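Worksheet: the structure to be examined is printed underneath.
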Amino acid sequence: AAGVIQSPRHLIKEKRETATLKCYPIPRHDTVYWYQQGPGQDPQFLISFYEKMQSDKGSIPDRFSAQQFSDYHSELNMSSLELGDSALYFCASSLADGFSGNTIYFGEGSWLTVV
Amino acid sequence: GESVGLHLPTLSVQEGDNSIINCAYSNSASDYFIWYKQESGKGPQFIIDIRSNMDKRQGQRVTVLLNKTVKHLSLQIAATQPGDSAVYFCAEMSDNAGNMLTFGGGTRLMVKP
């Protein structure tokens, strides 16, 4: 079965550069989530979208922005990168039907290293 | 703030034994709980979930128990195998927090052959 696809899998950027991560949800899923996981840490919720509209916002820095497009894929844009942004970024998707309890499936993540 | 956390950071078990991973949560409004398995460098993999109107749910070799009175969640893995070695996270979601899934601290399960 198709899973959540993330690209690129690995990315190396210098400080103050920008980076864009892409996420392609499971077909027919209309909700996308972004999480950040530092080394040895729990995944931290950044932001989510439902039907191309932002639905929830977590600990996403102002330097980051995201959107969901008409084909439901999502992009996370990160600017003015800092060393502390080095982490594994996960995208997840689910089929939202108005209440909690829909299984959320995660992609394999994008490794961002800021040097 | 509300949080989800685990009691033990590392659990070492013998192959074939049963494993129990525990999780405590503090948000009394949580109504949906999920256990994820994460192998090194990979994304969290869904294992099993349970709603707050249930006490127990079983899957293949896994059982999740929910005790709402003490806000405690556990994952039981029967006949633990080397392939079960990973970090396990519990996560919770509540209707009043939209679609935001909050993860607790992970527990590393190490299976000794």
At a Förster distance of 22 Å, what's the computed FRET efficiency of B:Gln14 paired with B:Gln58, Cβ-Cβ distance as r, to 0.05?
-> 0.45
Qualifying GluC sites (Glu not before Pro) in the range A:40-100, DSSP loop, other Cβ atoms within 10 Å at most 13 = A:Glu51, A:Glu82
iface B-A | buried accessible area, total | probe 1.4 Å | Å², round 100 | 1800 Å²
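In debye, nearest 20: dipole of the protein assembly as shown around its Cα centre with unit charges on the Cβ of K, R (+) and D, E (-)?
On the way: 19 positive and 23 negative charges, 66 e Å.
About 320 debye.
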Taking A:Lys52 as the anchor, which aspartates and glutamates have their alpha carbon closer than 19 Å to its alpha carbon, excluding any fewer than eight residues away along the same chain?
-> A:Asp30, A:Asp71, A:Glu75, A:Asp97
Pick from A:Asp56, A:Asp71, A:Asp42: which is most flexible by mean-square fluctuation in a GNM of chain A where alpha carbon atoms under 10 Å apart are linked?
-> A:Asp42
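How much of the accessible area of chain B, probe 1.4 Å, is carbon plus sulfur, in whole percent? List each step's numbers first, then the result.
Numbers: 2480 of 5340 Å².
Percent of accessible area from carbon and sulfur atoms in chain B: 46.
Give me the dipole magnitude in Debye, nearest 20, for chain B about the Cα centre, with unit charges on the beta carbon: positive for Lys and Arg, negative for Asp and Glu. Before the final figure, lay out each step's value.
Numbers: 10 positive and 10 negative charges, 29 e Å.
With Lys and Arg at +1 and Asp and Glu at -1, about 140 debye.
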Return the long-range amide H neighbours of B:Ile48 (sequence gap of 5 or more, or a different chain), with a cut-off of under 5 Å between placed amide H atoms.
-> B:Trp35
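Could you give the dipole magnitude of chain A about its Cα centre, charging the beta-carbon of Lys and Arg +1 and that of Asp and Glu -1, in debye to the nearest 20?
Values: 9 positive and 13 negative charges, 41 e Å.
Dipole size: approximately 200 debye.
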How high is the relative contact order of chain A, in percent, with contacts defined as C-alpha pairs under 8 Å that are six or more residues apart?
-> 36 percent
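When ligands, DNA and RNA are left out and all protein chains stay put, how many square angstrom of accessible area per residue does the protein assembly as shown have with a 1.4 Å probe?
Working: 10890 Å² over 228 residues.
For the protein assembly as shown, the per-residue accessible area is 48 Å².
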Can you give me the relative contact order of chain B as a percent, contacts being Cα pairs under 8 Å and 6 or more apart?
-> 37 percent
Identify all lysines with a Cα-Cα distance to B:Lys112 below 20 Å; exclude those on the same chain that are fewer than 8 residues away in sequence.
-> B:Lys37
At most 13 other Cβ atoms within 10 Å plus a DSSP loop assignment makes a site exposed; report the longest stretch of chain A without any exposed chymotrypsin sites (Phe, Trp or Tyr not before Pro).
-> A:1-68
Listed by chain and number, the lysines with an alpha carbon less than 23 angstrom from that of A:Lys57, same-chain partners under 8 positions apart left out, are A:Lys22
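Counting only trypsin sites (Lys or Arg not before Pro) that are in a DSSP loop and have at most 16 other C-beta atoms within 10 Å, tell me the longest site-free stretch of chain A. Intermediate results must be reported in sequence, preceding the final value.
Numbers: sites that count: A:Arg9, A:Lys15, A:Arg16, A:Arg28, A:Lys52, A:Arg63.
That gives A:64-115 as the longest site-free run.
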Enumerate the calculated ³J(HN,Hα) couplings along the range B:47-61 in order (Karplus 6.51 cos²θ - 1.76 cosθ + 1.60, θ = phi - 60°), each rounded to whole Hz, writing x wherever the residue is Gly or Pro.
-> 10, 7, 10, 8, 8, 5, 8, 10, 9, 8, 8, 10, x, 7, 6
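The values are calculated or read from the model by the stated rules, or taken from the named source; none is laboratory data. Predicted model only: the values in this text are computed from it and were never measured. Quick reminder, even Gly has a Cβ in these numbers, built from the backbone with ideal geometry, and neighbours come from all protein chains shown. For the accessible areas, the whole protein counts, side chains as well, though only heavy atoms, and no ligand, DNA or RNA atoms are used. Shrake-Rupley method; radii C 1.70, N 1.55, O 1.52, S 1.80 Å.
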